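S.K.: The structure's right below; bear with me while I get my questions together.
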Amino acid sequence: MEITLLGTGAPPGLPVSGCPCAACAAAAGPGARAPSSVLVDDTLLIDLAPGPALAAARAGRSLHGVRQVLLSHPLAAPAVDLPPGLPVPGRMPDGEELTLLTGHRVRALAADAPGTGYAVSGADGGRLLYLPAGCGPAGRSPLPAGRGVPYDMVLMDVVRRPDALARLRAAGAVGPTTDVVAVHLGHDAPPAPEARRRLAAMGARAVPDGRTLTVGVYEAVPDVPRRTLVLGAVRSGRSAEAERRLAAFPGVTRWTARDGPGAGPGPDGGPAGLLRADGPPLLVAGLGRWLERAVAGCGGADEERWRAGGGRRLAALTGEVVAAWRATPRTVVAVSDEVGACSAPDTVAGRRYRDALGTLNGALAAESDHVLLMVAGMAVPLR
């Protein structure tokens, strides 16, 4: 089954006429996107872009063989001129099934916002899910009854609804080989390079208007990084970035530095136990805070305790975390303070904390797939 994306933009398109925002300015020319519209095997058209016949011609396709036009949005009629001979568009009632003469089967799925999703099966067995702008699946399972296998491709509003993608993953509708393509892209999405980076972290991708894709091609699926280290100063946007990178995954476990006084006399390996254990994605927040307490618990302010073994104990604790980070079987994002941008006092303990933080950050970065430095809410990729 082949699909051609005649448009990949939000309902107003991109750029939005008269809008001065950065995303619209960056989308001028080759980056422009028409409202989302997908042509399936030249026989089924879902949603309409302005000038559909011209859009199809630019993509090297024709609408002459289209036998059904379906709308996902709640409008009663399309806001575009229909080419002669194109079937009258309409919406299918939720739960209704349609079989075309070409062997394509379509099932209408209820959405959690105004609109209708469509599950399409091709004659070759390929399975496609299309969700309308701003929508996720309604109900507990977005899978058609009796078909408990993931879709081969999902077209959806990933930027605005990462939670819907997480629900699809939790329900088994999106699996490791599902090609998730972001559509309905508008000026609420960041400019193209940043959008690509964010989508890749969620296991999704974006393509330009006019692109033809083969449903079920595994090579196109982006690899989600297993270990990501996010560095930055206070209020740099590091926590928001970490949360955003895991927003499209279900069951995320969150670890934060424990409350209470110091690291105490006993060993405290921080998040090492969770890192070693298999499980859902893990967000490790507050590594700097944990390290600050570990330095205090190891006698960072007491020269005698430090020389009597406190320094070696701290090295063992941080080494345990690094070893667990290196061997972790789960997807994990960790947040740490950037050295020099943290509020450590200029004391003996403060200097030891900064030294230990630099060592820890460097060791974690060396074992990370992605390393980001956050500045004014913007991510600067270091690896």
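The values are calculated or read from the model by the stated rules, or taken from the named source; none is laboratory data. None of these values were measured; they are calculated from a predicted model. In this analysis, Cβ positions are derived from the backbone assuming ideal geometry, glycine residues included, and neighbour counts consider all displayed protein chains.
S.K.: Specify which of the listed residues (Ala170, Ala189, Ala195) is at pLDDT 90 or above and in the same structural domain as Arg33 (by TED's automatic domain parsing).
M.R.: On the way: Ala189 fails: at pLDDT 90 or above; Ala195 fails: at pLDDT 90 or above.
From the options Ala170, Ala189, Ala195, the qualifying one is Ala170.
S.K.: Pick from segment 333-357 the residues that are charged (D, E, K, R) and either part of a loop (DSSP other than H, G, I, E, B) or more than 22 Å from Arg313 (Cβ to Cβ) (or both): which of them is modelled with the lowest pLDDT?
M.R.: Taking the candidates together, the pick is Asp346.
S.K.: Only one of (1) modelled with pLDDT under 90; (2) under 15 Å from Met156 (Cα atoms); (3) in a loop (DSSP other than H, G, I, E, B) is not met by Gly216, so which one is it?
M.R.: Against the list (1) modelled with pLDDT under 90; (2) under 15 Å from Met156 (Cα atoms); (3) in a loop (DSSP other than H, G, I, E, B), Gly216 comes up short only on (2).
S.K.: Applying the selection to segment 261-290, what residues are more than 24 Å from Arg238 (Cβ to Cβ) and either modelled with pLDDT under 90 or buried (at least 18 other Cβ atoms within 10 Å of the Cβ) (or both)?
M.R.: Answer for segment 261-290, where residues must be more than 24 Å from Arg238 (Cβ to Cβ) and either modelled with pLDDT under 90 or buried (at least 18 other Cβ atoms within 10 Å of the Cβ) (or both): Pro261, Gly262, Gly264, Pro265, Gly266, Pro267.
S.K.: I've got another one for you. What is the one condition in (1) touching a Leu at 6+ places or on another chain (Cβ under 7 Å); (2) at pLDDT below 95 that Val181 does not satisfy?
M.R.: (2)
S.K.: Additional query: Which of the residues spanning segment 188-202 are surrounded by 22 or more Cβ atoms within 10 Å (Cβ to Cβ) and in a loop (DSSP other than H, G, I, E, B)?
M.R.: Answer for segment 188-202, where residues must be surrounded by 22 or more Cβ atoms within 10 Å (Cβ to Cβ) and in a loop (DSSP other than H, G, I, E, B): Ala189, Met202.
S.K.: Go over the candidates Leu364, Leu314, Leu291, Leu360 one by one and state the one that is touching a residue at least 12 places away in the same chain (Cβ under 8 Å), within 26 Å of Arg196 (Cα to Cα) and in a helix (DSSP H, G or I).
M.R.: On the way: Leu314 fails: within 26 Å of Arg196 (Cα to Cα); Leu291 fails: within 26 Å of Arg196 (Cα to Cα); Leu360 fails: within 26 Å of Arg196 (Cα to Cα).
Selected residue: Leu364, the only one of Leu364, Leu314, Leu291, Leu360 that is touching a residue at least 12 places away in the same chain (Cβ under 8 Å), within 26 Å of Arg196 (Cα to Cα) and in a helix (DSSP H, G or I).
S.K.: Moving to a separate point now. State yes or no: is Ala376 within 25 Å of the chain's Cα centre (by Cα) and in contact (Cβ under 8 Å) with a residue 60 or more places away in the chain?
M.R.: Answer is yes for this residue.
S.K.: Here is a follow-up. Look through segment 239-257, keep the residues that are more than 16 Å from the chain's Cα centre (by Cα) and surrounded by 18 or more Cβ atoms within 10 Å (Cβ to Cβ), and return whichever of them is modelled with the highest pLDDT.
M.R.: Top of the filtered list is Trp255.
S.K.: Another question, then. I need the full set of residues from segment 94-110 which are surrounded by 15 or more Cβ atoms within 10 Å (Cβ to Cβ) and over 25 Å from Glu2 (Cβ atoms), in order please.
M.R.: In the first step, residues of segment 94-110 are kept if they are surrounded by 15 or more Cβ atoms within 10 Å (Cβ to Cβ); the result is 98, 100, 102, 104-110.
Passing the criteria: only Ala110.
S.K.: Okay, next question. Identify all residues within segment 158-179 that are in contact (Cβ under 8 Å) with a residue 60 or more places away in the chain and not in a helix (DSSP H, G or I); write none if there are none. Talk me through it step by step, then tell me what you get.
M.R.: Going residue by residue through segment 158-179, those that are in contact (Cβ under 8 Å) with a residue 60 or more places away in the chain are 158, 162-163, 165-167, 169-170.
Val158 - this is the single residue of segment 158-179 that is in contact (Cβ under 8 Å) with a residue 60 or more places away in the chain and not in a helix (DSSP H, G or I).
S.K.: Looking only at residues that are of a type outside the set (Asp, Glu) and exposed (fewer than 15 other Cβ atoms within 10 Å of the Cβ) in segment 342-372, which one is nearest to Val224 (Cα to Cα)?
M.R.: Here the residue is Ala366.
Rundown of residues vs (1) modelled with pLDDT of 90 or more; (2) touching a strand residue (DSSP E or B) at 6+ places or on another chain (Cβ under 9 Å); (3) closer than 25 Å to Thr212 by Cβ, yes/no style:
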{"position": "Val38", "(1), (2), (3)": "yes, yes, yes"}
{"position": "Val80", "(1), (2), (3)": "no, yes, yes"}
{"position": "Pro93", "(1), (2), (3)": "yes, yes, no"}
{"position": "Thr99", "(1), (2), (3)": "yes, yes, yes"}
{"position": "Ala111", "(1), (2), (3)": "yes, yes, no"}
{"position": "Gly122", "(1), (2), (3)": "yes, yes, yes"}
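S.K.: For segment 83-132, what are the residues that are of a type in the set (S, T, N, Q) and over 28 Å from the mean Cα position of the chain (by Cα)?
M.R.: Matches in segment 83-132: Thr99, Thr102.
S.K.: Which is modelled with pLDDT of 90 or more, in contact with a His (Cβ under 6 Å, 6 or more places away or on another chain) and not aromatic (Phe, Trp, Tyr), of Ala10, Ala23?
M.R.: After ruling out the rest, the residue left standing is Ala10.
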